[in-house]
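As structure tokens, the structure follows; a few thoughts come after it.
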Amino acid sequence: MSARGLYAIVDPAATRARDPEVIAKAILAGGCARLQLRFKDGPDRARLALAQRVRALCAEAGVPFVVNDRPDLALLTKADGLHLGQDDLPIAAARSLVPEAEIGLSTHDPAQARAAEAAGADVVAFGPIFPTTSKAEPDPVVGLDALAAVCRATSRPVVAIGGLSLERAPAIRDAGAAWGAVIGAVCGADDPEAAARALHHALGGEAS
């Protein structure tokens, strides 16, 4: 497991039409504890090619690379991690495909968080902590108190998801989350490198 700090998510839909590979390189230069590629739309050939390029950038930077949703792409890119949603493959099935990868699962209430740990998740993602615009139909906001309770209750590292910003980052850190996941605040920033550096520091990460 990497040190605390920024769990950066690169999503081509959030980069303001800028090259996601360039955005990923800037984020890595600024600093993050992990970098996840979230690629919901587009042909699989393009997804694989981008994932391979971003994976290479992460390897060069010494930052764990995580693939969203897709065990096949995680396998093909030799990703360090795979992140699943509630409607994706069960953890056991995904692990049969990528046995060496760290597997995280998004959860949206304490019961789901407990179930994720029981099912063998290596990382429990919990949220949305704050209102978010990164999903068309977001789950209900859970808030900081629920985040702190989940962090206390689970033996797994928790990544806080949903609506994080630089101003909100210290509260995420103080609630006990290992990482804070951010999409828009880095991918949509005028200066993704500076945004990543500031968020990583505010979330308890060490300077790169």
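Just one of the listed residues (Ala46, Ala24, Ala3) is surrounded by fewer than 14 Cβ atoms within 10 Å (Cβ to Cβ) and either of a type in the set (Val, Ile, Thr) or under 16 Å from the mean Cα position of the chain (by Cα) (or both), and it is Ala3. Within the range 144-181, the set of residues being of a type in the set (Gly, Ala, Ser) and more than 19 Å from Ala202 (Cβ to Cβ) comprises Ala146, Ala149, Ala153, Ser155. Scanning the range 56-65 for residues that are free of Cβ contacts under 8 Å to residues at least 40 places away in the same chain, surrounded by 21 or more Cβ atoms within 10 Å (Cβ to Cβ) and either in contact with a Ser or Thr (Cβ under 9 Å, 6 or more places away or on another chain) or not in a helix (DSSP H, G or I) (or both) yields a count of 1. Checked against the criterion of being over 29 Å from Thr15 (Cα atoms), surrounded by 19 or more Cβ atoms within 10 Å (Cβ to Cβ) and modelled with pLDDT of 95 or more, the candidates Val159, Val150 yield just one match: Val150.
If you go through the range 16-40 and pick out every residue that is assigned to a helix (DSSP H, G or I), touching a helix residue (DSSP H, G or I) at 6+ places or on another chain (Cβ under 7 Å) and not acidic (Asp, Glu), you end up with 9. Counting only strands (runs of 3 or more DSSP E) that sit wholly inside the range 84-198, those with at least 2 residues that are touching a strand residue (DSSP E or B) at 6+ places or on another chain (Cβ under 8 Å) and of a type in the set (Gly, Ala, Ser) are 102-107, 179-182. Taken together, the residues in the range 70-100 that are touching a Gly at 6+ places or on another chain (Cβ under 9 Å) and over 20 Å from Lys40 (Cβ atoms) amount to 3. When the range 1-19 is filtered for residues that are free of Cβ contacts under 8 Å to residues at least 60 places away in the same chain and not charged (D, E, K, R), the ones remaining, listed by number, are Pro12, Ala13, Ala17.
The values are calculated or read from the model by the stated rules, or taken from the named source; none is laboratory data. Note that the structure is a prediction, hence the values are computed from the model and not measured. Positions of Cβ are generated from backbone atoms using ideal geometry, with glycine treated the same way; all protein chains shown enter the neighbour counts.
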